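Working notes, structure below.
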Amino acid sequence: ALLIGCITRPVQAQGSGDGFLFQEPAGSIALRGGFARATAGGDLFSDITRRLTLGRGDFSGPTIGADLAIRVARRLDVVLGSSYASTSTSSEFRDLVDQNDAAITQTTSLKRVPVMASVRAYLTPRGRSVGQYAWVPARFAPYVGAGGGAVWYKFRQQGDFVDYQTNAVFPDDITASQWTPAAQGLAGIDYSLSPRIALTGEGKYLFARGKVNERFSSFDSIDLSGLSATVGIKLRL
């Protein structure tokens, strides 16, 4: 927010007047932060939450992101965006201990980085033209959108595990990581603070399932879907 404030002071002086812009914005840049709730469905998460002291909520946490929007029509934008969400949780086996009656512990982490292209449609006018050389932004501008792209993920379990055939406890570091196709739907609203600057709030649902490597070969896939809610600062260009 501080960086945007420093950048926008000279931009506002050159491209805006008292409460208006000299032309309709060609696009925007937004920085966001919030919370990403992972669905954590499927057989992989069902298995580890049954065996380990983990819950589905342990894979939800903070997220940050940014997007670049290009105006293609009066109420329509094409948006390129990305975000980052990461969690790491310590756990132990629910029903097993080692030969010294000590807990068998490990750490499970999940990282998700979607890179998406979307179409965003505003439900009301984003602003109005006054005469030939002035454009006044609306105080509120709600929108909906949808898009697709790919998400990179990394699922990792590091610590001690149990061989169920021999009951032996052994250390291991198990990782699955790759890109996989994704789709998303979104809705949000912009609240104008000045001709150039707006607060923006957005809810987004990401749908994605990734393949797993041979270390997780007993599972069909990993569920990367989830709902996120963010707020941020938008700079009109």
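The values are calculated or read from the model by the stated rules, or taken from the named source; none is laboratory data. If you're wondering where the values come from, they're calculated on a predicted model, not measured in any experiment. Neighbour counts run over all protein chains shown; Cβ positions are idealised from the backbone, glycine included. For accessibility, only protein heavy atoms count, side chains too; no ligands or nucleic acids. Shrake-Rupley method; radii C 1.70, N 1.55, O 1.52, S 1.80 Å.
Restrict the search to region 44-99; then list the trypsin sites (Lys or Arg not before Pro) that DSSP places in a loop and that have at most 16 other Cβ atoms within 10 Å of their Cβ. It would help to have the intermediate numbers written out before the result.
On the way: sites: Arg50, Arg51, Arg56, Arg71, Arg74, Arg75, Arg94; in loops: Arg74, Arg75.
Answer in residue order: Arg74, Arg75.
Place +1 on the Cβ of every Lys and Arg and -1 on the Cβ of every Asp and Glu in the chain, take the dipole about the Cα centre, and give the residue among Phe93, Thr200, Thr180 whose Cα lies farthest towards its positive end.
It is Thr200, whose Cα lies furthest towards the positive end.
Heavy atoms only, probe 1.4 Å: what % of the accessible area of the chain goes to carbon and sulfur, would you let me know? Before the final figure, lay out the partial values.
Working: 7160 of 12280 Å².
Solvent-exposed carbon and sulfur of the chain make up 58 percent of the total.
Tell me the per residue accessible area of the chain using a 1.4 Å probe; a whole number in Å² is fine.
On the way: 12280 Å² over 237 residues.
With the other protein chains kept in place, the chain gives 52 Å² per residue.
Given a Förster distance of 22 Å, report the FRET efficiency between Gln178 and Ser82 from their Cβ-Cβ distance, rounded to the nearest 0.05. Present the calculation step by step, with values, prior to reporting the outcome.
Values: r = 17 Å, r/R0 = 0.76.
The calculated FRET efficiency here is 0.85.
Would you work out the charge dipole size for the chain about its Cα centre, treating the Cβ of every Lys and Arg as +1 and the Cβ of every Asp and Glu as -1, and quote it to the nearest 20 debye? Intermediate results must be reported in sequence, preceding the final value.
On the way: 25 positive and 20 negative charges, 321 e Å.
Once rounded to the nearest 20, the dipole reads 1540 debye.
Pick out, from Ala26, Gly61, Ala36, the residue whose Cα sits farthest towards the positive end of the charge dipole of region 25-83, with +1 on the Cβ of Lys and Arg and -1 on the Cβ of Asp and Glu.
Ala26
Once label points are set 7 Å from the Cα along Cα→Cβ at both Phe35 and Val115, what is their separation, rounded to one decimal in nm?
The two pseudo-label positions are separated by 3.0 nm.
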